[in-house]
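The values are calculated or read from the model by the stated rules, or taken from the named source; none is laboratory data. In this text, all values refer to a predicted model and were calculated from it rather than measured experimentally. Note: ideal-geometry Cβ built from the backbone for every residue, glycine included; neighbour counts use all protein chains shown. These area figures cover heavy atoms from the full protein model, side chains too; ligands, DNA and RNA do not enter into them. Shrake-Rupley method; radii C 1.70, N 1.55, O 1.52, S 1.80 Å.
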2 protein chains.
Amino acid sequence: MKSVDDSDGHSISLEHLKGVERLAIIGTGLIGASFAAALKKNGYKGHIAGCARTANTLSKALELGVIDSATTDYTEVVAGADVVMLAVPMLAMRPALEAIKPALSAGCIVTDGGSVKGPFIADARAVLDDCTHVVPAHPIAGKEYSGVGAADAGLYRGHTVILTPLEESHPDAVLTITQLWRACGAFVETLDWQTHDRILSATSHMPHVVAFAVVDMLARSPACEDVFRYSAGGFRDFTRIASGDPVMWRDICLSNGDEIVEILDSLTAQLSHVRDLIGQGDAENLQALFTNAKTTRDKLIDKYDRAKRAQQS
Amino acid sequence: MKSVDDSDGHSISLEHLKGVERLAIIGTGLIGASFAAALKKNGYKGHIAGCARTANTLSKALELGVIDSATTDYTEVVAGADVVMLAVPMLAMRPALEAIKPALSAGCIVTDGGSVKGPFIADARAVLDDCTHVVPAHPIAGKEYSGVGAADAGLYRGHTVILTPLEESHPDAVLTITQLWRACGAFVETLDWQTHDRILSATSHMPHVVAFAVVDMLARSPACEDVFRYSAGGFRDFTRIASGDPVMWRDICLSNGDEIVEILDSLTAQLSHVRDLIGQGDAENLQALFTNAKTTRDKLIDKYDRAKRAQQS
């Protein structure tokens, strides 16, 4: 059986996952389909059942070979599943949980790939009678292309997946989800959901909102064409995340609104401060601010790049 | 003699540049040293003299073979030069012009690589008696690494260089600078400086200021380490330009302050608007804004990528 390296540099075998004979993926977009593709590529031999809203998405997923069976029916996809992964936009999580609940087998592990953990936990607690088999997860990886067509077996390789287990989450369920993600080549870490949602508002949600806001503003300017015409790699990279899926990001904003509003308020204050430094021609403080940003970024990007390389070698 | 393709797909020979027997580069950082490296790589046979503030930079430039002679003396470097390129931070332009003025040969073309054109033109008009041989230029290319060590003969290949000639700029001088940039593999376009400085404030200056401001803000937060630890490609790309040279960007902000302040004010208003949409849970308008950003970016990135590929083929 094929095996992959886990984050400690040891080899873990997908044999350990023989308890997971049937895996159901609800939502075969970028996140769900890449998870299925990664498992298949790394030797997972069980059955992967896929569920999506449209037959078109499902036939593409079948054609790409990332799922073994396809249905638009929530109860059908989870019937007999050992693990169910919800990979739908945040606001679709609760309806999906409600739809699958009657068909869940006893002991079936329910996990997700959502970018905000508090609301998923609240949804699970509200819908399911027992959350001992719920293991919330968030892979810190993505790209600007969405949908099953963007599925990528290497999407999670070398990336971190954060688990935010509930107090009552069963250790065996946490271990199974950990092994599934390690089989995708990811490093698995654990955080409480409050810390996760706060950190991710800074590292992911706020930058996406800013990129969307900048591009929308420029798109409505008469100079819009010229801005893109006379732009280079800096602008391209800065705005790359504004090509993300609008519904997914709308849902993230609505699900983590308090944290995102708070950090946007801080950012607005910071931008007013920098604007004043520029308006006043305050060379010294402007240079100090730019230098602090550059040295911090250079140091920490380098530090965590080295840490990841060390984990991988 | 080696020749390169110009932007119309025809071949231009560096023979046309035989009037440029000696080229002086003032400032052998990323921009100046890459210009010299690109010319040498593409067959320029004349002498390239380099001037920098430190002997260390100059010995590195000599070692890398991007310049043929080195000096820290402004008058020495321009003596006998047919073209002088100023590749120093914006606020160092005027002192450099003052320093080279006494030693400039009659008819020597003076050009630059600065990111703001109005102030360079004002500096040239204030310092030089005659601006018929002044040809302001701005290569729309860069990377987050600065200094001579980052010099890259391919930096300008496929990129746009904007010339903003003065009314009195002699057509032959404009042609020579055009040919030099085309010899670097760049596409040359012409704009008036007002349009240049406005467009670049949106496409380059504002994004850099925002990236610096975001990283400085996060750097001062207690969660700073975790932000970098739990970040992925989106954050990395969004903040890449915050690793730019602080002095260069300080000078750009101080040189194009009016335009940058204006667009930062628009951005602050836009961010307050998006913040309110999130705070109010306005799903419809949030999705519409994100969709407008995504569709505009996808369409225009694709359009100008295709245009560049067509020019190059």
Within the range B:256-270, is even one residue of a type outside the set (D, E), more than 8 Å from chain A (Cβ to nearest Cβ), over 26 Å from B:A37 (Cβ atoms) and assigned to a helix (DSSP H, G or I)? yes
Tell me, which residue of the range B:132-168 that is more than 20 Å from B:S34 (Cα to Cα) and open to solvent by 10 Å² or more (accessible area, probe 1.4 Å) is nearest to the other protein chains (Cβ to nearest Cβ)? B:P165
In the range B:235-244, the residues that are over 24 Å from A:E284 (Cα atoms) and buried (at least 22 other Cβ atoms within 10 Å of the Cβ): B:F235, B:F238
Please go through the range A:271-288 and give me each residue that is part of a helix (DSSP H, G or I) and open to solvent by 40 Å² or more (accessible area, probe 1.4 Å), ordered by number. A:S272, A:H273, A:R275, A:D276, A:G279, A:E284, A:N285, A:Q287, A:A288
Looking for something in the same structural domain as A:R125 (by TED's automatic domain parsing) and under 19 Å from the mean Cα position of the chain (by Cα) - is there at least one such residue anywhere in the range A:44-51? yes
The condition of being away from chain A (no Cβ under 14 Å) and farther than 24 Å from B:P246 by Cβ holds, among B:A96, B:A38, only for B:A38
Quick count over the range B:105-117, residues being surrounded by fewer than 19 Cβ atoms within 10 Å (Cβ to Cβ) and touching a residue at least 40 places away in the same chain (Cβ under 8 Å), is 0
Matching residues in the range A:177-208 - criterion: being open to solvent by less than 30 Å² (accessible area, probe 1.4 Å), away from chain B (no Cβ under 13 Å) and over 24 Å from A:A310 (Cβ atoms): A:I177
Condition first: more than 7 Å from every other protein chain (Cβ to nearest Cβ) and in contact with a strand residue (DSSP E or B) (Cβ under 7 Å, 6 or more places away or on another chain). Can you find one or more residues in the range A:232-243 that meet it? no
Quickly run through the range B:209-223 and pick out the residues that are crowded, with 24+ Cβ neighbours inside 10 Å and either more than 7 Å from every other protein chain (Cβ to nearest Cβ) or touching a residue at least 40 places away in the same chain (Cβ under 8 Å) (or both). B:V209, B:V210
Out of the residues in the range A:245-255 that are in contact (Cβ under 8 Å) with a residue 60 or more places away in the chain and open to solvent by less than 10 Å² (accessible area, probe 1.4 Å), state the one that is farthest from the other protein chains (Cβ to nearest Cβ). A:I252
Quick one: B:S7 ticks every box in (1) touching a Phe, Trp or Tyr at 6+ places or on another chain (Cβ under 7 Å); (2) at pLDDT 95 or above bar one, so which box is it? (2)
Criterion first (open to solvent by 40 Å² or more (accessible area, probe 1.4 Å), among the small types (G, A, S), in the same structural domain as A:D152 (by TED's automatic domain parsing) and in a helix (DSSP H, G or I)) does A:S34 satisfy it? no
So is A:P171 open to solvent by 30 Å² or more (accessible area, probe 1.4 Å) and without any contact (Cβ under 8 Å) to a residue 24 or more places away in the chain or not? yes
